[in-house]
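What follows is a set of notes on a single structure, which appears directly below.
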Amino acid sequence: MTRHHKTALNMAKFIQGQSLLLLEKLNELDLDAEADMCERLHEDAERLHAGLLAKLNQE
């Protein structure tokens, strides 16, 4: 795995973590519509990270 691959993987993991933190804050603020959007974002970030990890480990 190249340095650029690792950077992309780390960025995806960071987005996953930050979206989870944002989701928690939105839930605390009772911003339901925004929390729903953020939950989808977090789920997409999880799939992105997992997909990148699988693809880059194959190379």
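Within the stretch 38-59, which residues are closer than 19 Å to K6 by Cβ and either among the acidic types (D, E) or in contact with a Pro (Cβ under 6 Å, 6 or more places away or on another chain) (or both)? Once the filter is applied, which keeps residues that are closer than 19 Å to K6 by Cβ and either among the acidic types (D, E) or in contact with a Pro (Cβ under 6 Å, 6 or more places away or on another chain) (or both), the stretch 38-59 yields E46, E59.
All conditions but one from (1) surrounded by 14 or more Cβ atoms within 10 Å (Cβ to Cβ); (2) more than 8 Å from the chain's Cα centre (by Cα) apply to H49; the one that does not is (2). Considering each residue of the stretch 31-38 in turn, none proves to be at pLDDT below 95 and open to solvent by 90 Å² or more (accessible area, probe 1.4 Å). When each of L9, L22, L41, L56 is tested for being in a helix (DSSP H, G or I), surrounded by 13 or more Cβ atoms within 10 Å (Cβ to Cβ) and more than 16 Å from the chain's Cα centre (by Cα), the lone residue that passes is L56. Taken as a whole, the structure leaves G17 outside the set of residues that are within 18 Å of M1 (Cα to Cα) and either in contact with a helix residue (DSSP H, G or I) (Cβ under 6 Å, 6 or more places away or on another chain) or assigned to a helix (DSSP H, G or I) (or both).
The values are calculated or read from the model by the stated rules, or taken from the named source; none is laboratory data. Since this is a predicted model, take the numbers as computed values, not measurements. Cβ atoms come from the backbone with ideal geometry, glycine included; neighbour counts cover every protein chain shown. Only protein heavy atoms, including side chains, enter the accessible area calculation; ligands, DNA and RNA are left aside. Shrake-Rupley method; radii C 1.70, N 1.55, O 1.52, S 1.80 Å.
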